[in-house]
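**Q** Below you'll find the structure I mean.
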Amino acid sequence: MIALPFSTWAAVATGCTVLLARPDPGWVAAHRLRVAAPVRWPARLLLAVGVPAVATLPPLVHGAAALVVVATACGVAVFARRELRRGRQREQVRAAVREVTELVDALAAEMRAGVLPHRALNTVAVDHPLLAPAAQVAGLGGDTSDALRAAAGGPGRSGLDALAGAWHVSETCGAPLAEVLDRVARALRFETELGEEVRSTVEPARATGRLLAVLPLLGLFLGAGLGADPVHVVTATLPGALSLAAGTALACAGVRWIETTADRAERG
């Protein structure tokens, strides 16, 4: 193990924190222009905390225990990053569902006002670029329903399949498109509201699982406050390091099990 002063490792940790936790350039530009922009801070915060933690491990641990602790820290970092990515994907799917519901509502409103279908598509596509390809196809006299089905390929966009079916039925059978779109919009609103209700039900379970996963850290601080040295036990001794690895693995498995169960409930 490299023998460097603790101050050196602290300097490395501080430098990594400054470099990795700096704001995203896109966010800085949007903030200066006063434009709303998504902030990708969770992954940066994870790196800013994880890298210094791994960098400060060598002066604290020795031998085989060091390898176990470092491997555990790396595993936790990978697991946390994957969970953050899954969380962002869930948010993207929910945003797509809301957007599809809004655009179908807007189309139905345009149809009720007596606007022609292709003009309604052009109008709604201004606020919802997802409909732009279908609007172009409709303007050229192509098959609009096929263009809508092609746009329904992404996650959370299954509502566009219903819109494409309604469009096809209207073009084939001559059914009033406004009435069909009203029914589709009501169905999508019901599904969206149901999804939000299910989400509000499973989110407490997600939060509880994450809290229980990090709760053992409070035990370490409590032990240190009582005069013991639990950090030394779990980082400098092989039995303690193995116990740390096993407990961390069980905590990660519990979080993944809860997240999987919640995801199935939301999809159902």
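**Q** If you add up the charges near VAL169, with Lys and Arg at +1 and Asp and Glu at -1, over every other residue whose beta carbon is less than 15 angstrom from its beta carbon, what do you get?
**A** Working: positive: ARG149, ARG183; negative: ASP143, ASP146, ASP161, GLU171, GLU179, ASP182.
Cβ neighbours under 15 Å give a net charge of -4.
**Q** Given R₀ = 35 Å, what would the calculated FRET efficiency be for ARG98 paired with LEU212, taking r from the Cβ atoms and rounding to 0.05? All intermediate terms of the calculation are to be shown ahead of the outcome.
**A** On the way: r = 31 Å, r/R0 = 0.88.
Approximately 0.70, to the nearest 0.05.
**Q** Convert each backbone phi in the range 160-169 into a coupling constant with the Karplus relation 6.51 cos²θ - 1.76 cosθ + 1.60 (shift: θ = phi - 60°), then list the ³J(HN,Hα) values in order as whole Hz, x for Gly and Pro.
**A** So the J values, rounded to whole Hz, are 5, 5, 5, 4, 5, x, 4, 5, 5, 4.
**Q** What is the dipole size for the range 160-268, taken about its Cα centre, with +1 at each Lys and Arg Cβ and -1 at each Asp and Glu Cβ, in debye to the nearest 20?
**A** Values: 9 positive and 13 negative charges, 83 e Å.
Computed about the Cα centre, the dipole is about 400 debye.
**Q** Any idea how far apart ARG264 and LEU140 come out in nm if each label point goes 7 Å out from Cα toward Cβ?
**A** In this crude label model, ARG264 to LEU140 measures out at 4.6 nm.
**Q** Now for a separate question. Can you compute the FRET efficiency between GLU196 and VAL126 using 1/(1 + (r/R0)^6), with r the Cβ-Cβ distance and R0 = 30 Å? Round to the nearest 0.05.
**A** My answer for the efficiency is 0.70.
None of the figures in this text is laboratory data; all of them are computed from the coordinates on show. Keep in mind that this is a model prediction, so the values were computed, not measured. A quick note on method: Cβ atoms are made from the backbone with ideal geometry, for glycine too, and the neighbour counts reach across all protein chains shown.
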